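Remarks on the structure that follows.
The values are calculated or read from the model by the stated rules, or taken from the named source; none is laboratory data. Owing to the predicted nature of the structure, the values given are computational and were not obtained by experimental measurement. Here the Cβ positions follow ideal geometry from the backbone for every residue, glycine too, while neighbour counts run over all protein chains shown.
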Amino acid sequence: MNQSPIPGKALGLLLLLSALSGCAELAQPPATPAPPPEEPAALEVAPRSPESEAMAVYYRRVQTNLLAQGLLRTDGGGTDTPFSTRQLVENFVRIALYDEYVTAGGGLIARQTPSRLRRWEEPIRMSVEFGPSVPLAQREKDKADIAGYVARLARSARHPVRMSDRNPNYIVLMLNEDERRAIGPRLMELVPGIDRSSVRSIADMPPSTFCLVFAFSNGSGSTYSKAVAVIRAEHPDALRLSCIHEELAQGMGLANDSPAARPSIFNDDEEFGLLTRHDELLLRILYDRRLKPGMIEDEARPIVEVIASELLGGES
């Protein structure tokens, strides 16, 4: 198994109709009233450890500092962040065709290296799991945020992405400190064959790593078959939502970051907290059927130039 570290609804009413085969009605015995349904057992939330409480305090300070600097923008960019076809092409090449990390010595090392185009070919079925100490109100908010974002990812990429707890292939883990450190056995259930370095990278995440995602392919192929995103549940709302946007998009195949990408969440400067129009175009390019998984830069670049020109109407 190959892994890539990447740090309203309409309701239908179904009426069940039954008919008798004869023309005479059969007498029925009086119906016995059904017992009232049992109340579902209330979910119990485990207390957060002192270590997790300390992490929550730390990340509240981090978010406060970022917001005070005008970072974690949610406007998606505007007149102050123009970008051209050429810039879109270069940003796509750097973000989709290079890796941010390499595996060495049993761990992850930050090193920009050329890679191949990778993406999902099968529909993505996304599920969310919460650690037992994550507050219930936070769980509901995160599930709603992720469901809305999943729909946006599907529209942007024009690839099927939906929420589903039935045989999910993209799992989002929202964990507090102690839960993440002990997640190894669950990871091995979710991704049979996951290597120890990947498990350690998740269990031993340093505070400087806000969140991460691993995407897996079978053998040495370039088509993803499984992904696991890990997001710190101690993050306050804005920082946590920023992690949701970046990691879920990176797990679709935009695996790298670039300091030149703007307006973009695929930039470690944290200027933008939420997916931008620029980033939606990156997803559109990535899932264009003219591109094929496994392409290297020399093969993909001429096609990317044509697609980007079409998307931006020939703007240079």
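Just to be sure, is residue 309 hydroxyl-bearing (Ser, Thr, Tyr) and over 30 Å from residue 135 (Cβ atoms)? Against the criterion (hydroxyl-bearing (Ser, Thr, Tyr) and over 30 Å from residue 135 (Cβ atoms)), residue 309 qualifies. Of the residues contained in segment 270-277, one or more are found to be in a strand (DSSP E or B) and either buried (at least 24 other Cβ atoms within 10 Å of the Cβ) or among the hydrophobic types (A, V, I, L, M, F, W, C) (or both). Let me confirm something: among 307, 285, which residue is in contact with a helix residue (DSSP H, G or I) (Cβ under 7 Å, 6 or more places away or on another chain), outside any loop (DSSP other than H, G, I, E, B), more than 30 Å from residue 66 (Cβ to Cβ) and at pLDDT 95 or above? Only one candidate passes the filter, namely 307.
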